[in-house]
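**Q** What follows is a single structure, and I will ask about it in a moment.
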Amino acid sequence: MKKRVAVVGAGAFGKNHARVVSESARAELKFVVDTNEARAREFAHGAQVLTDYRELIGQVDAAIIAVPTVAHAEVGCSLLEAGIDVLIEKPIASSLEEADRLVRTAERQGRLVQVGHLERFNPAVIALEKLVTLPLFFEVHRMSMFTLRSLDVDVVLDLMIHDLDVVLAFVKSPVKSVDAVGIPVLSTSEDIANARLRFANGCVANMTVSRVSPERMRKIRVFSGGAMTSYISLDYRAQEGFIYRIARDDEEESSLLKKLLRAKDSTIVSAFGGKRIVREPVPITKEEPLKLELQHFVQCVRAHLTPDVSGESAKRALDLAFEITRQIRAQ
């Protein structure tokens, strides 16, 4: 039986959520809610339209909250208290206190909170999870062109928080230090920022974001140690990437060449001191991340599971984002 789902907020993100839910085989789009009735109707896909989210109580199993960040806690807590599971767009809330309120309300009511850190459901990141065992260094670039969307938050909360969530999911160690810089360009808050994070286990992450770039870019590069030392470069937007590694001793040159010839775009990049550096494509099955995010949410609602991007994990990313902003503004 399909889960009855409502989308609250029919703006830039909400309209995409409504589309994905309407196309799902596992969920039924029952309502689209927006204070602007005409906008809600435009993206309703045949669902009922409401202007007050409180009218959802008793009529749906789950809701996707895509209202402005400042309203996340109010809407989310109200629905959680009514027994409705929620998926909240990122960032989880506009303050740590509000994020904690959402998490505590969900715990008290026995409901779940999933947060829309979409990159976690990007097939490129899903592939990376299978490849990286001991991350030692991250280099992340996220660039976008200027729009009037999300100007209620700075670029750290708007863009960098995606990458903070991804890196924190990979590095199972506390952040030891933060060095950050940033400047406003076209808005009143930071539009460009860079942060260098050092973790207690020695891992370092260098992140650069801009929302005033002439081009779009979403790339992550990871140097990983452990059993298979490698350098992995991924393009989030194209959902493709390459692994650079030293050929194993048990890989004879003839069998290695045959393997590389069978794999598209694989090459021996260079050889030095008897070592061969191999470039192989990362095996990625392309899919729309928003669809995968919804599938995971519905699965968690059905089985009462803790989502991969839980309220607690989103709160950690929010806390780190605030610390980066504090570092920038203290200069």
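**Q** I'd like the residue in region 295-331 that is in a loop (DSSP other than H, G, I, E, B) and in contact with a His (Cβ under 8 Å, 6 or more places away or on another chain) and, out of all such residues, is surrounded by the fewest Cβ atoms within 10 Å (Cβ to Cβ).
**A** Applying the filter and picking the extreme gives ASP308.
**Q** If you scan region 214-240, which residues turn out to be among the hydrophobic types (A, V, I, L, M, F, W, C), over 23 Å from THR285 (Cβ atoms) and part of a strand (DSSP E or B)?
**A** Of everything in region 214-240, just one residue is among the hydrophobic types (A, V, I, L, M, F, W, C), over 23 Å from THR285 (Cβ atoms) and part of a strand (DSSP E or B), namely PHE223.
**Q** Determine whether LEU292 is modelled with pLDDT of 65 or more and either assigned to a loop (DSSP other than H, G, I, E, B) or more than 30 Å from PRO184 (Cβ to Cβ) (or both).
**A** yes
**Q** I'd like to check something: does region 92-113 contain any residue that is over 30 Å from ILE243 (Cα atoms) and at pLDDT below 95?
**A** yes
**Q** Would you mind telling me which numbered condition in (1) hydrophobic (A, V, I, L, M, F, W, C); (2) out of contact with any strand residue (DSSP E or B) (no Cβ under 8 Å at 6 or more places or on another chain); (3) surrounded by fewer than 22 Cβ atoms within 10 Å (Cβ to Cβ); (4) at pLDDT 95 or above VAL181 fails?
**A** Only one criterion is unmet by VAL181, namely (2).
**Q** Looking only at strands (runs of 3 or more DSSP E) that fall completely inside region 3-103, which ones have 2 or more residues that are closer than 26 Å to SER313 by Cβ and not β-branched (Val, Ile, Thr)?
**A** Passing ranges, in order: 3-8, 62-65, 85-89.
**Q** Restricting attention to region 162-171, does a residue exist that is more than 23 Å from GLY76 (Cα to Cα), among the aliphatic types (A, V, I, L, M), assigned to a loop (DSSP other than H, G, I, E, B) and under 16 Å from the mean Cα position of the chain (by Cα)?
**A** The answer is yes, given that some residue of region 162-171 is more than 23 Å from GLY76 (Cα to Cα), among the aliphatic types (A, V, I, L, M), assigned to a loop (DSSP other than H, G, I, E, B) and under 16 Å from the mean Cα position of the chain (by Cα).
**Q** Here is a further query. For region 198-213, enumerate the residues that are of a type outside the set (Val, Ile, Thr), crowded, with 16+ Cβ neighbours inside 10 Å, touching a residue at least 40 places away in the same chain (Cβ under 8 Å) and assigned to a strand (DSSP E or B).
**A** ALA205, MET207, SER210 - these are the residues of region 198-213 that are of a type outside the set (Val, Ile, Thr), crowded, with 16+ Cβ neighbours inside 10 Å, touching a residue at least 40 places away in the same chain (Cβ under 8 Å) and assigned to a strand (DSSP E or B).
**Q** Name the pairs whose Cβ atoms lie under 6 Å apart, with the first residue in region 154-167 and within 17 Å of ALA127 (Cβ to Cβ), the second aromatic (Phe, Trp, Tyr) and not in a helix (DSSP H, G or I), and 6 or more positions between them or separate chains?
**A** VAL167/PHE138
**Q** On to the next question. Search region 16-28 for residues that are among the small types (Gly, Ala, Ser) and pair each with any residue that is part of a helix (DSSP H, G or I) when their beta-carbon atoms are under 7 Å apart and the residues are at least 6 apart or on different chains.
**A** Here the result reads SER24/LEU294; ALA27/VAL21; ALA27/LEU294; ALA27/VAL298, each pair linking region 16-28 to a residue that is part of a helix (DSSP H, G or I).
**Q** Further, regarding this structure: Can you pull out the residues in region 104-147 that are more than 17 Å from ALA317 (Cβ to Cβ), touching a residue at least 12 places away in the same chain (Cβ under 8 Å) and basic (Lys, Arg)?
**A** ARG111
**Q** Scan region 49-59 and give yes if some residue there is in contact (Cβ under 8 Å) with a residue 24 or more places away in the chain, touching a Lys or Arg at 6+ places or on another chain (Cβ under 8 Å) and either over 24 Å from LEU159 (Cβ atoms) or buried (at least 22 other Cβ atoms within 10 Å of the Cβ) (or both), otherwise no.
**A** Taking every residue of region 49-59 in turn, at least one turns out to be in contact (Cβ under 8 Å) with a residue 24 or more places away in the chain, touching a Lys or Arg at 6+ places or on another chain (Cβ under 8 Å) and either over 24 Å from LEU159 (Cβ atoms) or buried (at least 22 other Cβ atoms within 10 Å of the Cβ) (or both).
Matching residues to (1) buried (at least 17 other Cβ atoms within 10 Å of the Cβ); (2) β-branched (Val, Ile, Thr):
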{"residue": "LEU112", "(1), (2)": "yes, no"}
{"residue": "GLY116", "(1), (2)": "yes, no"}
{"residue": "ASN122", "(1), (2)": "yes, no"}
{"residue": "VAL125", "(1), (2)": "yes, yes"}
{"residue": "THR133", "(1), (2)": "no, yes"}
{"residue": "PHE137", "(1), (2)": "no, no"}
{"residue": "THR147", "(1), (2)": "no, yes"}
{"residue": "ASP152", "(1), (2)": "no, no"}
{"residue": "LEU157", "(1), (2)": "yes, no"}
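The values are calculated or read from the model by the stated rules, or taken from the named source; none is laboratory data. Since the structure is predicted, the reported quantities are computational estimates derived from the model, not experimental observations. Note that each Cβ is placed from the backbone with ideal geometry, even for glycine, and that neighbours are counted across all protein chains shown.
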